[in-house]
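Enquirer: Have a look at this one.
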Amino acid sequence: MKVVGARLPRYDGVGHVTGRTTYVDDVRVPGMLHAAALRSVHHNARITRLDTGAAAAMAGVHAVVTHADVPLLVYGHLSGAGIPGDEPLLAKDHVRYRGQPIALVAADTVDIARAACAAIEVDYEELPALFDVRLGFDGDAPVINDTFGNWYDQYEGNLDVRQIRKGDIDAAMDAADLIVSGVYRTQSVEQVPLETQVCVAIPEPDGRLTIHTCTQAMYFSLGVVCSHLQLPMSEVKMVGGTVGGGFGGKVDTASDTLTALAAQKSGQPVKWRWTREEEMLASGNRGPWHMEIIDAVTSDGWILGRKMLTIHDAGAYGRFSVYGLTKHSFHHTGAYSIPNLHFDGYVVFTNKIPTTAMRGYGVTGLSTAIEVHAERVAKELGMDPYEFRLKNANRVNDTSPNRIAYEDPSTVEVLQSLAAATGVELGDGLRAMTREQRSGDMLPDHLVAQIGSGGGH
Amino acid sequence: MTSTAAVSMPSSEAEAVAAVTAQPFATVLAGGTLLVPQHTLGQVEVERAVWLGRAEMDGISRSNGRMTVGAAAPLAACARLDAPVGACAADVGDNEVKAQATIGGNICSPAPYGDMRGPLLALGAVLRWADPDGTHTGGIADFAASGGARPGVLLLDIAFAVPEAGSFVALRRHHTQSLTAMSVSAVRGADGNVTIAATGAAPDACRLLSAEAVLAGGGSIAEAADASVADADPYDDVLASAAYRRRVLPVYVGRALEQLGE
Amino acid sequence: MELTVNSVARTVQSPPLTSLLTVLREELDITSPKAGCESGGCGACTVLVDGQPRRSCLTAVCAVDGAEVTTVEGLGTPEDLSRVQQAFIHHYAAQCGFCTDGLIVAATAYVGGGGSDDTGDIGEALAGHYCRCTGYVKILEAVAAVARGDTFDTASTASSANNTYVTIAGAES
Amino acid sequence: MAVHRGKGLATVEYPTGMNQNGDPSQAWIKVKPDGRVDVFSGTADIGNGSKTVQSQIVAETIGVPYDWVTYDNSNTDSSPMCTGTFASRATFVAGNAVLKAARQVRERILAVASRELEIDPADLEVADGAVSVKGTPAKSMGVDEVAGAATFVHGELLTGDGAHLNPGAAIIDPTTGEVDKPPHAAISYAACTAEVEVDDETGDVRVLSLTQAYDIGRAMNPTLVEGQIDGGAVMGLGFGLLEDCYPYYPTAEHRGDGMNTYHVPTMAELPEIKNVLMENPSSGGPYGAKGIGEMSNNAQPAAIANAIHDAVGVWVTEFPITPERVLAALDAKREGRSEPRREGRVVAFDEELSINSFTSAKTWGA
């Protein structure tokens, strides 16, 4: 191999260092209008009146887009995977988070667009808001989501919970020398791409739409736009592929769809670039996770079983959260083989920004919880943290929570490499460990039944 | 925002005063680090502005034990002064922002900006400002009481006695752009008296008179630090909670006094 | 108002309080300064004003009337890259590229002002520039390499000193 | 004041490709009459380097120099379907699509060269932009000549298309979570040690170093891998210590609306970062690749939390680990309130945070 493996420069490196790379905000189109959004000022409120008349009549305003202009108002990010949509592209009669878009104005200048947004008349009836997922199950909690209630309730088998059951958790708890529980809560994080959300939509003379997009996923966005606009894919050309940072936050495509609607309605090219404040306060972010772990362990350092409760704070709407929770459930043993599992996971809605993908989606908070818990258990056992981890590390043909045999695990080897790099002296037994299938001392009775047949990934 | 506000560019302090106080009253543009972005984002309306960049109001001079700093002196220049003023100025923004932001602009900016009010309060600095009624002098509090920064008012300079010693400590994330959550400035004057002021301990910069009194009465640093809480009126904001501010104010007061060599 | 932008005399029509960033991007169509935050917080819009790095989003255009403004377009071309530009390619200091233009401008001023190859010094000079992709490691290496006087092969990239490679047992090819 | 140092460890694993799979990528390639190769793929480059890596895969697979390859991901009219750049899938899944397309191109180059050279294609190889006879390197013709012959002599277009789809895994059993086939394309592994300094009077934490070991599958371009891992480390530091959209979570008050109130890491908190990169080729990835872009911010938060415990003996399990939270934990420890509940075999930490302390609507326990 000569090209693969070579330290070649970036394909787009020269463009990046000379200011020549064209990002969406750099696209110049004659006659381009500029857009601004009217967003909810409340966390939870009914919209009792929405009057865009004064705004639409302002000089320089070419289109005011509201829910009434969207051919298919509700379309789910995971509709293709059979998960119902729950989020209107623009709020109709209810706002469920502060910052939720209600209208988009396209005008000659962004100043006029902002002034027109301010001229839109909205009356709200404010309602109590819910922010703490731990309170979402209460009978007297405000109802957050019209489609699902306060937590997603349409998993396979009509369950309202994502479950993993493996082995015999009760037996593991009975057999344990120590039962260690802990609660881990990770926060909401904004992706903070240096390029804020931005879109340029152009109505073409042949009736098609060209959409310059900063999406991380042009075809996904094409599908979302065409669904909301009820157009065949041939009627929209997404132009993109060059993104000023995404980190998961540019998989949502609301800016593309709304800009396209404004371009359609005005008949002119429209640019919508979010301000940094909008990006920070209204764009989908990494969701918070509430995780409770109970490990059943032996005094010599084996993890016999794990009970885990996870509550994912989705914010006001589902977006990708069910996907994220399922991924989370599949990885809730982390880098370890734990044969007896009882996992319950919920996607709970609150009156916060709908959360979305971010680097490590579904797992970053999980890894954080698992690894602090592992350290606590090792400390409770009085055991060296390397030894505890290496002993329980997943190995070839150990099985994951969903019964897939690990093909090429390297937990053992990365730990050994890290120890060497940090000057940690591992004992002979730990230094000699490999990822090979368990046998001898490394295959105690409780792990025999979970060995798979191999051949998975 | 593409408002068509006219901007005049005076070439002396006197011209600047005349330009600012003429009708309709003008908004002062110094470094622009707050005004320009607010203007771009449509958050402020400017009818008329006066830019100080050529008004020769950026001098820093010392005579007879007093330091006089022109309101348009950039923070990068102020950062070369002794503590607490220098250390505080050095703590604002990164080098590019410091090169542009001015001490006058900082003083005139609302919390959580306006860090320089802390050290200047501790120093008992005298501000000189002009408005349509003439030129006035007074402390930070007097300037605020007069209505503070607004169109038609021009901060001219800031003067303070060079202290025998000064110190400055700040509660901020070790992070370049983070706003300072809380800061403590301490000054020992020629008379040996110690004055202490804080930002972020109350909604605006404040003197920590209780702590000063403990020191004046011969109390220890620890006693003074503990006493400082009585002068605080802490609050929650995005940078820190009220409880945390209350909890660590004595720590920072203690550190400022240690640094002062009390 | 008159500006010299990348050695070309330009007359500016925008109102005087307009930010230099808006003037460059929207009036003069010079798009390398980026509107990352428009509030002075990120550094993506930094340009040289009479040789000094300035946040163009914080600068009213009237305040630079008559000045010489240099953006990254004025520092080098694809055919004739400046050393800082070469270093950013060779040391892989640009990933998405959105912060890169401002960083190259600021780094050019740092090195041009005799800045050392000390990472702490570079960090202090450039710390107001956000990069969400690189973790800054390779940016600091690129700037240090320029300060050291290295020459750069832009057809290849350099590994950082902080990386070592191993192959898992049994997977050698 | 006392500043305490500590070290902490964390180990993580992470899947490549979309959870449950079922995320297709497609690509097609055409060769110009002078042998230059145009790749059309819908994979966005978000800074991760997918244009570079996929171009490398194509050049390697066909056997032409890297600079012969142009890569067009600019629009959905010319590019076929790609699910997108997320889920650490751009190198593995989309890379497999261009790999397959490139293999087809290579076969067609060999077929035309075979006719031109009158040699069985099995006896030919392509490298460095030339087709040569195995064992007789002197007998060769350039890929440019092959492409010219295809165009002007044989009336053919050298082209290739490829698609990659890991079949979607259904959740077979909603009760147990058992799946019928692997829900991931590959899994990668990593470990990290953080070294921190904690100020026990203010709760302030500074990360001095992050040392990390990553299973990277096979590095398509080692420099790009390093860039991903360095960037992930700093993002993980931000997650661990600095960043929070809702500083008073679960309330929604006092949100950071800009760069000076929401704390993305800057150069000012950059620790020393050292990486060990371990090649552990995956069976299904192009040239053994795995996706490591996302996992690279997963290990640092726990390593930092564990290092803080090592330094000052407190566990902070609500993130980010702000000075406020550290100091509150230190105060609790000083006041004897930090020990877990210990009853028999049970060691219960953090009971005040548990859902059990907030509601009886959902019961939870051992």
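The values are calculated or read from the model by the stated rules, or taken from the named source; none is laboratory data. These figures come from a predicted structure and were not determined experimentally. Positions of Cβ are backbone-derived with ideal geometry, glycine not excepted, and every protein chain shown enters the neighbour counts. Heads up: the accessible areas ignore ligands, DNA and RNA and are worked out on the full protein's heavy atoms, side chains in. Shrake-Rupley method; radii C 1.70, N 1.55, O 1.52, S 1.80 Å.
Enquirer: Computed FRET efficiency, Cβ-Cβ of D:ARG206 and D:TRP364, R0 41 Å: what is it to the nearest 0.05?
Expert: 0.70
Enquirer: Report, in debye and to the nearest 20, how large the dipole of the protein assembly as shown comes out about its Cα centre when Lys and Arg carry +1 and Asp and Glu carry -1 on their Cβ.
Expert: Charge dipole of the protein assembly as shown: 840 debye, to the nearest 20.
Enquirer: Calculate the spin-label point distance for C:ASP150 paired with A:LYS379, positioning each point 7 Å from the Cα along the beta-carbon direction, and give it in nanometres.
Expert: Between A:LYS379 and C:ASP150, the simple spin-label model gives 4.1 nm.
Enquirer: Let me ask you something else. Would you kindly work out the equivalent ellipsoid of the range B:166-219 from its C-alpha gyration tensor and give its semi-axes, the square roots of five times the eigenvalues, largest first in whole Å?
Expert: Listed largest to smallest, the semi-axes of the range B:166-219 are 25, 12, 8 Å.
Enquirer: Right, here's the next one. Could you rank A:GLU279, C:GLU27 by how accessible they are, 1.4 Å probe, largest area first?
Expert: Largest accessible area first, the residues go C:GLU27, A:GLU279.
Enquirer: Ordered by packing density, taken as the mean number of other Cβ atoms within 10 Å over each peptide's residues, highest first, how do D:236-246, B:72-82, D:23-33 rank?
Expert: Descending packing order for the listed peptides: D:236-246, D:23-33, B:72-82.
Enquirer: OK, next. I'd like the FRET efficiency for A:ASN158 and C:ASP29, computed as 1/(1 + (r/R0)^6) with the beta carbon distance as r and R0 of 45 Å, rounded to 0.05.
Expert: About 0.20, to the nearest 0.05.
Enquirer: Mind checking which lysines have their Cα closer than 19 Å to the Cα of D:LYS134? Skip sequence neighbours fewer than 8 apart in that chain.
Expert: Qualifying lysines at Cα under 19 Å: A:LYS2.
Enquirer: Only bridges with both residues in chain D count here: give the DSSP antiparallel percent, nearest 5.
Expert: 80 percent
Enquirer: Taking the full set of protein chains and a 1.4 angstrom probe, give the accessible area of C:ARG148 in square angstrom, rounded to the nearest 10.
Expert: Here the residue's solvent-accessible area equals roughly 130 Å².
Enquirer: Can you give the FRET efficiency to the nearest 0.05 for B:ASP142 and C:ARG10, using r as the Cβ-Cβ distance and R₀ = 51 Å?
Expert: FRET efficiency, B:ASP142 to C:ARG10: 0.65.
Enquirer: Still on this structure, please answer the following. Kirkwood Rh over Cα pairs of the range A:319-457 into Stokes-Einstein at 4 °C, 1.567 mPa s: D in µm²/s?
Expert: 78 µm²/s
Enquirer: Using amide H atoms built 1.01 Å from N in the peptide plane, name the residues 5+ places from A:GLY318, or on other chains, whose amide H lies under 5 Å from its own.
Expert: For A:GLY318, whose amide H was placed from the backbone, the distant partners under 5 Å are A:ASP86.
Enquirer: Here is a further query. Build a GNM of chain D with springs between Cα atoms under 10 Å: which of D:GLY336, D:GLY227, D:GLY344 gets the top mean-square fluctuation?
Expert: Of the options given, D:GLY344 has the highest mean-square fluctuation.
Enquirer: Now for a different question. Please list A:HIS446, A:HIS331, D:HIS254 from largest to smallest accessible area, probe radius 1.4 Å, with all protein chains kept in place.
Expert: Largest to smallest exposure gives the sequence D:HIS254, A:HIS446, A:HIS331.
Enquirer: So, one more: Can you spot the aspartates and glutamates whose alpha carbon is less than 12 Å from A:LYS352's alpha carbon? Ignore those fewer than 8 places along the same chain.
Expert: Counting by Cα, and skipping residues close in sequence, A:LYS352 has these aspartates and glutamates nearby: A:ASP132, A:ASP313, D:GLU253.
Enquirer: Another one. Once the Cα gyration tensor of the range B:165-260 is diagonalised, what are the square roots of 5 times its eigenvalues, in whole Å and ordered largest first, as equivalent ellipsoid semi-axes?
Expert: 22, 14, 10
Enquirer: A follow-up question, please. With a/c under 1.5 counting as rounded, go ahead and sort the range A:197-258 into rounded, prolate or oblate using the C-alpha gyration tensor (a ≥ b ≥ c being the square roots of the eigenvalues; past the cut-off, prolate if a/b is larger than b/c, else oblate).
Expert: prolate
Enquirer: A further question follows. If you average 1/r over every pair of different alpha-carbon atoms in chain C and take one over that average, what Kirkwood value in Å do you get?
Expert: 16.9 Å
Enquirer: Also: Calculate for chain D the 222 nm mean residue ellipticity that helices alone would give, adding -39,500 (n - 2.57) per DSSP H run of length 4 or more and normalising by residue count, nearest 500 deg cm²/dmol.
Expert: -8000 deg cm²/dmol
Enquirer: Quick one: if you stick a label point 7 Å off each Cα along the C-beta vector at D:SER357 and D:LYS333, how many nm between them?
Expert: It is 1.8 nm.
Enquirer: Cα atoms only: what Rg and Dmax, in Å, come out for the protein assembly as shown?
Expert: Values for the protein assembly as shown (Cα only, Rg and Dmax): 31.0, 106 Å.
Enquirer: Quick check: Cα centre of the range D:255-286 to Cα centre of the range B:127-164, how many Å?
Expert: 47 Å
Enquirer: Which lysines does D:LYS32 reach when only Cα atoms under 20 Å apart count, and residues fewer than 8 places away in its own chain are ignored?
Expert: Within the straight-line limit of under 20 Å, D:LYS32 reaches these lysines: D:LYS51, D:LYS100.
Enquirer: Taking amide H atoms as placed 1.01 Å from N in the peptide plane, list the residues 5 or more away in sequence, or in a different chain, whose amide H sits under 5 Å from that of D:GLY177.
Expert: Amide H neighbours of D:GLY177: A:ARG165.
Enquirer: Can you give the direction-averaged projected area of the convex hull of the alpha-carbon atoms in the range D:20-164, in nm²?
Expert: 8.8 nm²
Enquirer: On to the next question. Using the Cα gyration tensor of chain B, with a ≥ b ≥ c the square roots of its eigenvalues, what is the shape: rounded (a/c below 1.5), prolate (a/b larger than b/c) or oblate (neither)?
Expert: The shape class here is prolate.
Enquirer: Then there is this: Ordering C:THR119, D:THR211 by accessible area with a probe of 1.4 Å, largest first, what comes out?
Expert: So, going from the largest accessible area down, we get C:THR119, D:THR211.
Enquirer: Between their Cα atoms, which of A:LYS250/A:LYS271; A:LYS379/D:LYS333; A:LYS327/D:LYS7; A:LYS307/A:LYS327; A:LYS327/A:LYS379; A:LYS166/D:LYS181 are more than 19 Å away from each other?
Expert: Beyond 19 Å between Cα atoms: A:LYS327/D:LYS7; A:LYS327/A:LYS379.
Enquirer: Residues of the range B:138-169 with amide nitrogen under 18 Å from the 7 Å Cα-to-Cβ point of B:ALA111?
Expert: B:140-149, B:169
Enquirer: Sum -39500 (n - 2.57) across every DSSP H segment of at least 4 residues in chain A, then divide by the residue count to get the 222 nm mean residue ellipticity, nearest 500.
Expert: Estimated from H runs of four or more residues: -7000 deg cm²/dmol.
Enquirer: Convert each backbone phi in the range A:379-396 into a coupling constant with the Karplus relation 6.51 cos²θ - 1.76 cosθ + 1.60 (shift: θ = phi - 60°), then list the ³J(HN,Hα) values in order as whole Hz, x for Gly and Pro.
Expert: Ordered by residue, 3J(HN,Hα) equals 5, 4, 7, x, 10, 4, x, 5, 4, 4, 5, 5, 4, 8, 4, 5, 10, 3 Hz.
Enquirer: Can you classify the range B:1-95 as rounded, prolate or oblate using the Cα gyration tensor, where a ≥ b ≥ c are the square roots of its eigenvalues, rounded means a/c under 1.5, and otherwise it's prolate if a/b beats b/c and oblate if not?
Expert: Here the range B:1-95 falls in the oblate category.
Enquirer: While we're on this one: Compute a Gaussian network model of chain B, connecting alpha carbons closer than 10 Å, and tell me which residue from B:ASP204, B:ASP58, B:ASP236 fluctuates the most.
Expert: Highest fluctuation of the listed residues: B:ASP236.
Enquirer: Would you tell me the mean number of C-beta atoms belonging to other protein chains that fall within 10 Å of each C-beta in D:233-240, as a whole number?
Expert: Counting Cβ atoms of other protein chains within 10 Å of each residue's Cβ and averaging gives 5.
Enquirer: Just the accessible area for D:ASP350, please: 1.4 Å probe, Å², rounded to the nearest 10?
Expert: Solvent-accessible area, nearest 10 Å²: 20 Å².
Enquirer: Something else about it: Return the long-range amide H neighbours of D:VAL131 (sequence gap of 5 or more, or a different chain), with a cut-off of under 5 Å between placed amide H atoms.
Expert: Sorted by chain and number, the residues that satisfy this are D:MET141, D:GLY142, D:VAL143.
Enquirer: Summing -39500 (n - 2.57) over the DSSP H runs of n ≥ 4 in chain C and dividing by its residue number, what mean residue ellipticity at 222 nm do you reach, to the nearest 500 deg cm²/dmol?
Expert: Taking each H run of at least 4 residues, the total per residue is -7000 deg cm²/dmol.
Enquirer: Label 7 Å along Cα→Cβ of D:ARG103; the range D:282-313 residues with amide nitrogen under 18 Å?
Expert: Correct set: D:282-290.
Enquirer: Output ³J(HN,Hα) for the range D:185-195: one whole-Hz value per residue in order, computed from phi by the Karplus curve 6.51 cos²θ - 1.76 cosθ + 1.60 with θ = phi - 60°, and x for Gly and Pro.
Expert: 7, 6, 10, 10, 9, 7, 9, 9, 10, 10, 10
Enquirer: When the C-alpha atoms of chain A are aligned to their principal axes, what extent does each axis show, in angstrom, from largest down?
Expert: 80, 64, 37
Enquirer: Largest first and in whole Å, give the semi-axes of chain D's equivalent ellipsoid, each being the square root of 5 times a Cα gyration tensor eigenvalue.
Expert: With the √(5λ) rule applied to chain D, the semi-axes are 53, 22, 18 Å.
Enquirer: Using a simple spin-label model with points 7 Å from Cα along the Cα→Cβ vector, what separation in nm is obtained for A:GLU126 and A:SER299?
Expert: 5.9 nm
Enquirer: Say a paramagnetic label sat at a point 7 Å from the Cα of A:ASP441, along Cα to Cβ; which residues of the range A:369-398 have their backbone N under 12 Å from it?
Expert: Answer for the range A:369-398: A:391.
Enquirer: Ignoring everything but the protein chains, give the 1.4 Å probe accessible area of A:THR109 in square angstrom, nearest 10.
Expert: Spelled out: A:THR109, probe radius 1.4 Å, area about 50 Å².
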